[in-house]
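A quick write-up on the structure given underneath.
The values are calculated or read from the model by the stated rules, or taken from the named source; none is laboratory data. This structure is a prediction, so every number in the text was calculated from the model and none was measured. No Cβ is skipped: glycine too gets one built from the backbone with ideal geometry, and neighbour counts run over all protein chains shown.
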Amino acid sequence: MEIKLGDMVRLKKKHPCGSDQWQVVRLGADIGIKCLKCQHRVLLERSVFERRVKAFISRGQETALDQKKAEIEAKLANLKARWPAHSVPPAMWQELEELEEELAKVKVKDIINKDTGKRGVEK
């Protein structure tokens with residue numbers, strides 16, 4: 001199950017305040033969720049969270065880094081689909097190396113932003 005920051009979910013059981021709608025506020029091995037009615041925060045193991053989700057109300061926004069990463073991965077997949085079995089032209093090798101290097105930079109920025117809490121901010 002793909003979970004993003006900002007996702008709004010409906011859980012199978014209601015919270016004591018009466019609401020069953022939650023917002024994802026933390027990702028990792030544990031998922032942090034916040035009740036949309038009383039603002040109470042709960043930390044659930046990922047496996048427990050995935051079992052308790054009934055439906056997604058709305059999906060969180062993709063960040064600029066997520067979009068750029070998806071774009072680079074699509075370009076890489078396209079290049080590898082065109083890759084000949086023998087005698088690869090030097091231009092294709094260069095393009096492959098540039099795309100892999102760019103993808104690595106984006107992943108490093110994403111990791112740094114996750115650690116500092118600044119999702120989607122590019123420097």
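Only one of the numbered conditions (1) within 30 Å of Leu99 (Cα to Cα); (2) surrounded by 14 or more Cβ atoms within 10 Å (Cβ to Cβ) is not met by Leu44, and that is (1). For segment 37-72, the set of residues classified as among the hydrophobic types (A, V, I, L, M, F, W, C) and more than 16 Å from Lys12 (Cβ to Cβ) consists of Cys38, Leu43, Ala64, Leu65, Ala70, Ile72, listed by residue number. Of all the numbered requirements in (1) surrounded by 16 or more Cβ atoms within 10 Å (Cβ to Cβ); (2) touching a Lys or Arg at 6+ places or on another chain (Cβ under 7 Å); (3) at pLDDT 85 or above; (4) not aromatic (Phe, Trp, Tyr), Leu65 misses one, and that requirement is (3).
Taking (1) in contact with a Ser or Thr (Cβ under 6 Å, 6 or more places away or on another chain); (2) at pLDDT below 90 in turn, Cys35 satisfies each apart from (2).
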